[in-house]
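Have a look at the structure below, then the notes.
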Amino acid sequence: MPPLAKYAGLLMPNGERRIAGYTEASRGCRHLCRHCPVVPIYNGQFRVVQPDVVLGDVAAQVAAGAQHITFGDPDFFNGPSHAMRIVSALHEAHPQLTYDVTIKVEHLLKHRELVPRLARTGCAFVISAVESIDDAVLTIFDKGHTRADFVEAVKMCRDAGVTLTPTFVAFHPWLTLASYCDLLDTIDALDLVDHVAPIQLAIRLLVPNGSRLLELDAMRAHVGAFDAATLTYRWTHPDPRVDELQAEVMTLVGTRPKADRRELFAEISRLAHERAGLPRAADTRPARARATVPYLDEPWYC
């Protein structure tokens with residue numbers, strides 16, 4: 001296989017690029033979020049990987065040059081005690097190594113006492129699949145958190161010294177042009193523009209075979225035939241302007257992968273507010289040469 005340096009790397013705020021590796025401390029997920037493509041595969045099953053196996057895997061990657069490890073677990077806090085044993089041992093064995101994990105908003109709040117320990121053991125950032133800031137949509141997705149919970153998690157992680165990297169299903173059948181603008185305005189108000197990979201502002205809801213969304217009349221009303229080429233069900237938005245905006249945003253993001261995050265966010269926000277006929281707050285933060293938080297140069301599509 002190609003050397004690790006050929007794969008995704010961690011970009012630090014000071015411009016340093018750290019070689020990244022990958023491992024898993026567990027497989028599957030206890031949760032049954034309706035929109036999640038993991039659910040049809042594991043259906044609530046969750047299995048831990050033995051610590052010596054995980055640590056051995058990481059040690060081999062460190063020997064190959066890894067300076068950062070991405071934990072690919074669907075949710076690192078499905079087994080919080082197991083997870084903390086892993087990262088504590090990892091930090092003891094490799095004090096300079098950084099890592100990132102994926103944790104539900106629900107679990108961040110439930111196990112908030114563990115978040116400062118993540119920071120102390122080298123956690124560069126925590127990915128959290130927020131998906132939406134609309135409580136009605138979060139109920140449809142069965143996410144287990146609310147808009148207020150997300151806002152609380154942002155503050156809690158910031159206070160603990162951990163970078164929260166939210167991901168979103170930005171476009172779905174229940175989105176309006178106004179609610180998309182609300183998402184952008186909220187990201188800006190919470191000072192998360194640098195935290196959000198631009199692709200997250202263009203992501204369209206994926207409906208794979210076996211998706212729990214197909215159990216709902218609210219979803220079936222929008223779904224077309226199964227597309228064997230993509231292994232998903234196609235869907236269209238009841239407002240064609242929303243699908244048009246998604247295509248425009250995807251074009252902006254897809255053609256400018258190295259663009260400054262603030263500059264690209266501002267352009268998307270101006271476009272969205274124009275399409276919605278809504279006023280947009282003036283830009284108050286200047287574009288910068290690089291983001292102020294660590295992030296992988298190959299964005300996570302959670």
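Checked against (1) more than 19 Å from the chain's Cα centre (by Cα); (2) surrounded by fewer than 20 Cβ atoms within 10 Å (Cβ to Cβ), Thr139 passes all but a single condition, namely (1). Restricting the stretch 76-88 to residues that are assigned to a helix (DSSP H, G or I) and under 20 Å from the mean Cα position of the chain (by Cα), which is surrounded by the fewest Cβ atoms within 10 Å (Cβ to Cβ)? Among those residues, the one meeting the criterion is Pro80.
The lone criterion from (1) surrounded by fewer than 19 Cβ atoms within 10 Å (Cβ to Cβ); (2) farther than 30 Å from Asp217 by Cα; (3) more than 20 Å from the chain's Cα centre (by Cα) left unmet by Gln45 is number (2). For the stretch 237-264, a residue qualifies if it is touching a helix residue (DSSP H, G or I) at 6+ places or on another chain (Cβ under 9 Å), assigned to a loop (DSSP other than H, G, I, E, B) and in contact (Cβ under 8 Å) with a residue 60 or more places away in the chain, and the qualifying residues are His237, Asp239, Ala259. Need pairs with beta-carbon distance below 6 Å; first residue in contact (Cβ under 8 Å) with a residue 24 or more places away in the chain and within the stretch 178-194, second surrounded by fewer than 17 Cβ atoms within 10 Å (Cβ to Cβ) and of a type in the set (A, V, I, L, M); sequence gap 6+ or separate chains. That search, which allows pairs on different chains as well, returns Cys181/Leu278.
The single residue among Phe265, Phe226 that is among the aromatic types (Phe, Trp, Tyr) and either over 23 Å from Ala129 (Cβ atoms) or more than 21 Å from the chain's Cα centre (by Cα) (or both) turns out to be Phe226. I'd like to know if the stretch 47-61 contains one or more residues that are in contact (Cβ under 8 Å) with a residue 40 or more places away in the chain and in contact with a Leu (Cβ under 7 Å, 6 or more places away or on another chain). The answer is yes, given that some residue of the stretch 47-61 is in contact (Cβ under 8 Å) with a residue 40 or more places away in the chain and in contact with a Leu (Cβ under 7 Å, 6 or more places away or on another chain). Those strands (runs of 3 or more DSSP E) of the stretch 1-71 in which 3 or more residues are not charged (D, E, K, R) occupy 9-11, 17-23, 68-71.
With the structure loaded, tell me whether Leu177 is under 18 Å from the mean Cα position of the chain (by Cα) and of a type outside the set (Val, Ile, Thr) or whether it fails that test. For Leu177, the condition - under 18 Å from the mean Cα position of the chain (by Cα) and of a type outside the set (Val, Ile, Thr) - is not met. Residues in the stretch 151-206 that are of a type in the set (Ser, Thr, Tyr), crowded, with 20+ Cβ neighbours inside 10 Å and over 29 Å from Thr98 (Cβ atoms): 1 in all. Just one of the numbered conditions (1) farther than 26 Å from His94 by Cβ; (2) assigned by TED's automatic domain parsing to the domain that holds Ala83 is not true of Gly122: (1).
Only residues that are over 16 Å from Leu296 (Cβ atoms) and among the β-branched types (Val, Ile, Thr) were counted in the stretch 67-95, giving 2.
The values are calculated or read from the model by the stated rules, or taken from the named source; none is laboratory data. Only a predicted model underlies this, so the values are computations on that prediction, with no experimental measurement involved. Every residue, glycine as well, gets a Cβ built from its backbone with ideal geometry; the counts of neighbours run over all protein chains shown.
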